[in-house]
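Here the structure comes first, spelled out in structure tokens, and everything after it is commentary.
Every read-out reported here was derived from the displayed coordinates using simple, explicitly stated rules and does not represent laboratory data. What you see is a predicted model; the values in this text were computed from it and never measured. All Cβ positions, glycine included, derive from the backbone under ideal geometry; neighbour counts span all protein chains shown.
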């Protein structure tokens, strides 16, 4: 009891007493804590005044802080602070900084851009960013493509053409690869003959007799391969039919096969099942005309441009 | 009368403490929730947003079942870097028929709010089967079973009825169907009609051939159909670039 009295002189109790002698200390909050708390209350009130805060009727109190931006119609607008207005302002700022470059891109021809050292740097950096975000998932980071799925953009073979205009058309409108299924039209033996002929065009090991028969089929009406691939089998960029003479492959995994038989079998597979794939989305809606132009030059410069 | 308030009254009266605690919490809740019923700009007025078709809805269910949301968000924030990479920021209106919404707050993979149409169906299929065959640096797991598991279409009407209960305008009666025709057009309204659900699901899967195999309808068909519609419903070219600034 005497000890309790001693403590009660330095620390107050709450005044309750339970079970006769059970008491509770009353330790007040430290002064610094109390004033920090008052400060946060003042901060909140200032915050409410500056930024959008309290709901009010069908809207809310917008606050004193404003954001000014220019929209696509060229109108200057001021709006109470919000992240969407802030984004407009941010985009405006970037657009002003990039405008000289994009204006130049719009005004210059492809050949001029390619020759201009200043623009080359811009294409390399802006093009790389655009390519990585939009093209690399299919065509891979270096543009090397994926065998059997997506075209290699760094080699000399172009299904739809490797000129600036043709690349631009591919990006803008997208592509869709198509070849009829021949397993229903031709006998397995005929498909084998055709495959041997196609292999012979690229100098791959083949059966000469079968290739000769395949030659006839290729240029005849039964298979009529020449319709799309041309009498010289060099393909047609208008319709995206492949050049079969350059030993560059996309759909038939010829480089991946170890033996000559394997290579012919890969070709046979494509002839038999045909193609209804190789879809490239159209980028016209997603990317601006200037961005597509930057990408066109970037893809052209990847190594295969014609 | 002595009105000398003592905190002790509350502390020593458990009933009073409970009532006052509930009151304090209710004020906090009301201030946050009640205005949403009055503020008329929460959901932007925008054309094109519709409920998912039966096939897309099944794809969405698979998306949730496989836990895609654990790594992928569906919420493009109004920042410059997100706009440049993903496209227009997400609108509240675009997830108004999502139950639950898939906004998420964790991005191990990229945001998927506007992935629709960005890649071909074939890419999506191959990427789901073996992500690293398409994106070498990817850490996404393989989902090969989607291509081999046939889609169970038998319970689609139950699934749509459940969503209808929480406010998705799938139609069960003629009156509801007509309302949908007015709101979404006949083509869409037909797909939102619950009695037709299984047939329209099969029709969309056969027509779209999302997994590249026409011989059957797999879970891959449904999931790719769902992914390909994400973020494509609103045609932003019809709106000025600051059309939605006033909504916030």
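Evaluated at q = 0.13, 0.21, 0.26 Å⁻¹, a Debye calculation over the C-alpha positions of region A:2-60 (equal weights, vacuum) places log10 I(q)/I(0) at -0.60, -0.88, -1.03. Shape class of the protein assembly as shown from the Cα gyration tensor (axes a ≥ b ≥ c, square roots of the eigenvalues): prolate, since a/c reaches 1.5 or more and a/b is larger than b/c.
Each distinct pair of alpha carbons in region B:54-233 adds a 1/r term; the inverse of their mean, the Kirkwood radius, is 17.1 Å.
Antiparallel versus total DSSP beta bridges in the protein assembly as shown: what percent is that, nearest 5? Within the protein assembly as shown, antiparallel bridges account for around 95 percent of the total. Region B:1-63 and region B:98-139 have Cα centres spaced 34 Å apart. Springs between alpha-carbon pairs under 10 angstrom, Gaussian network model over chain A: which of A:84, A:286, A:268 fluctuates most? Highest fluctuation among the options: A:84. Per-residue ellipticity at 222 nm from helix content only, as computed over chain B with -39500 (n - 2.57) for each DSSP H run of at least four residues, stands at -13000 deg cm²/dmol. Only Cα pairs under 8 Å and 6+ residues apart enter the sum, and on that basis the relative contact order of region B:77-152 stands at 18 percent. Helix A:164-173 and the longest principal axis of the Cα set of chain A meet at an angle near 60°.
Helix A:31-50 versus the longest principal axis of chain A: what is the Cα-based angle in degrees, 0 to 90, to the nearest 10? That helix lies at roughly 50 degrees to the long axis. The Cα trace of region A:95-220 gives Rg and Dmax of 21.2, 67 Å, the first to one decimal, the second as a whole number. Any chance you could give the angle, 0 to 90 degrees and rounded to 10, that helix A:83-107 forms with the longest Cα principal axis of chain A? So the helix axis and the longest Cα principal axis differ by about 30 degrees. Computed over region A:66-107, the P(r) tail beyond 18 angstrom holds 33 percent of alpha carbon pairs. Cα gyration tensor of chain A, axes a ≥ b ≥ c as square roots of the eigenvalues: rounded (a/c below 1.5), prolate (a/b > b/c) or oblate? Judged from the Cα gyration tensor, chain A comes out prolate (a/c at least 1.5, a/b above b/c). For chain A, set up a Gaussian network in which alpha carbons nearer than 10 Å are linked by springs, and say which option among A:149, A:131, A:37 fluctuates the most. Judging by the Gaussian network model, the answer is A:37.
Taking a ≥ b ≥ c as the square roots of the eigenvalues of the Cα gyration tensor, region B:126-241 is classed as oblate, since a/c reaches at least 1.5 and a/b does not exceed b/c. Per-residue packing, averaged as other Cβ atoms within 10 Å, sorts the ranges A:65-76, B:62-73 into the order B:62-73, A:65-76, beginning with the highest.
Build a GNM of chain A with springs between Cα atoms under 10 Å apart, and of A:44, A:187, A:126 the one that fluctuates most is A:44.
For the pair region B:165-236 and region A:62-127, the centres of their Cα atoms are 39 angstrom apart.
Annotation: the residues B:61, A:103, sorted from fewest to most other C-beta atoms within 10 Å of their own C-beta, follow the order A:103, B:61.
Potential lengthening of the chain between residue B:43 and residue B:105 amounts to 20.3 nm, from the contour at 0.36 nm per residue minus the alpha-carbon distance. The value of relative contact order for region A:66-107, using C-alpha pairs under 8 Å at least six residues apart, is 33 percent.
Summary value for chain B: 27 percent relative contact order, contacts being C-alpha pairs under 8 angstrom separated by 6+ residues. Rounded to the nearest 500, the helix-only mean residue ellipticity at 222 nm of chain A stands at -15000 deg cm²/dmol, with each DSSP H run of n ≥ 4 adding -39,500 (n - 2.57).
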